[in-house]
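See below for the structure under consideration.
The values are calculated or read from the model by the stated rules, or taken from the named source; none is laboratory data. In this text, all values refer to a predicted model and were calculated from it rather than measured experimentally. So basically every Cβ, Gly included, is an ideal-geometry build from the backbone, and we count neighbours across all protein chains shown. Heads up: the accessible areas ignore ligands, DNA and RNA and are worked out on the full protein's heavy atoms, side chains in. Shrake-Rupley method; radii C 1.70, N 1.55, O 1.52, S 1.80 Å.
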Amino acid sequence: MILYPAIDLKDGQCVRLYKGDMEKATVFDDDPAAQARAFVDQGAEWLHLVDLNGAFAGAPVNGAAVEAILAATDVPAQLGGGIRDMTTIEGWLSKGLARVILGTVAVENPDLVREAARAFPGQVAVGIDARNGMVATKGWAEETDVEVTDLARQFEDAGVAAIIYTDINRDGAMQGPNVDATAALARAVSIPVIASGGVSRIEDLIALRDCGAKLDGAISGRALYDGKLDLAEAMAVLRG
């Protein structure tokens with residue numbers, strides 16, 4: 001399993017939200033590139049980036065911050081938020097992103113996900129964000145009647161690189177991940193699953209690692225910023 005330090009971008013700053021609420025954002029660093037370098041210096045092998053403004057706007061907003069991160073680091077990075085057409089996908093990948101994450105568009109235009117996955121093998125992931133088992137879109141602001149596993153299974157043969165599964169009610173709440181739901185999703189599909197939301201201590205990572213389903217990785221943000229999770233120790237546990 002890979003540990004993905006999260007850098008969530010709002011108004012050019014590195015923040016964390018509480019349960020996806022843009023009005024409850026805590027600023028951790030006003031220099032996202034410096035934060036990214038710090039994670040890499042601590043041994044991070046991947047970075048997970050989110051353009052929060054872009055998720056609401058439906059188009060990239062924090063592009064300058066993302067490009068600064070890419071210029072400042074030499075590890076692969078994945079980005080989600082506001083990526084909803086092929087032009088944007090191509091644009092980001094051409095700038096050095098290793099992987100784009102398609103969330104809202106996976107619900108609204110699944111054919112685009114399949115087209116992108118064919119065009120860019122290994123570089124397209126699907127972001128599934130859920131509240132009480134139902135998928136939410138547009139920066140988690142709109143809830144759908146689509147169940148998580150039903151959406152995931154639509155892309156079973158599409159060639160997507162991974163599914164990033166976020167339990168919104170756990171995100172930024174420091175209450176632990178939804179291990180059962182994440183494991184159930186991983187067992188339901190053959191696509192690699194990355195856990196997100198609520199990872200706040202070593203015991204959370206051990207629970208995900210030993211959940212009985214094969215997970216590809218886990219994302220953590222607030223716990224790393226708060227110092228409740230040591231990056232090197234966390235990576236060692238996931239390798240174990």
Can you report the number of residues in the stretch 97-126 which are at pLDDT 95 or above, assigned to a loop (DSSP other than H, G, I, E, B), open to solvent by less than 50 Å² (accessible area, probe 1.4 Å) and of a type outside the set (Phe, Trp, Tyr)?
3
Of the residues in the stretch 1-43, those that are on the phi > 0 side of the Ramachandran plot and without any contact (Cβ under 8 Å) to a residue 40 or more places away in the chain number 0
Condition check for residue 129: buried (at least 21 other Cβ atoms within 10 Å of the Cβ) and over 26 Å from residue 240 (Cα atoms)
yes
Return the residues of the stretch 169-218 that are open to solvent by less than 20 Å² (accessible area, probe 1.4 Å), in contact with a Lys or Arg (Cβ under 7 Å, 6 or more places away or on another chain), assigned to a loop (DSSP other than H, G, I, E, B) and among the aliphatic types (A, V, I, L, M); say none if nothing qualifies.
173, 189, 213
So, in the stretch 44-72, of the ones that are within 26 Å of residue 1 (Cβ to Cβ) and without any contact (Cβ under 8 Å) to a residue 40 or more places away in the chain, which residue ends up surrounded by the most Cβ atoms within 10 Å (Cβ to Cβ)?
70
Mind checking which residues of the stretch 76-93 are assigned to a loop (DSSP other than H, G, I, E, B), closer than 19 Å to residue 217 by Cβ and open to solvent by less than 30 Å² (accessible area, probe 1.4 Å)?
81
Given 133, 122, 159, 103, which one is without any contact (Cβ under 8 Å) to a residue 60 or more places away in the chain, touching a strand residue (DSSP E or B) at 6+ places or on another chain (Cβ under 7 Å) and under 28 Å from residue 67 (Cβ atoms)?
103
When the residues of the stretch 137-154 are narrowed to those that are under 13 Å from residue 168 (Cβ atoms) and among the hydrophobic types (A, V, I, L, M, F, W, C), which ends up least open to solvent (accessible area, probe 1.4 Å)?
148
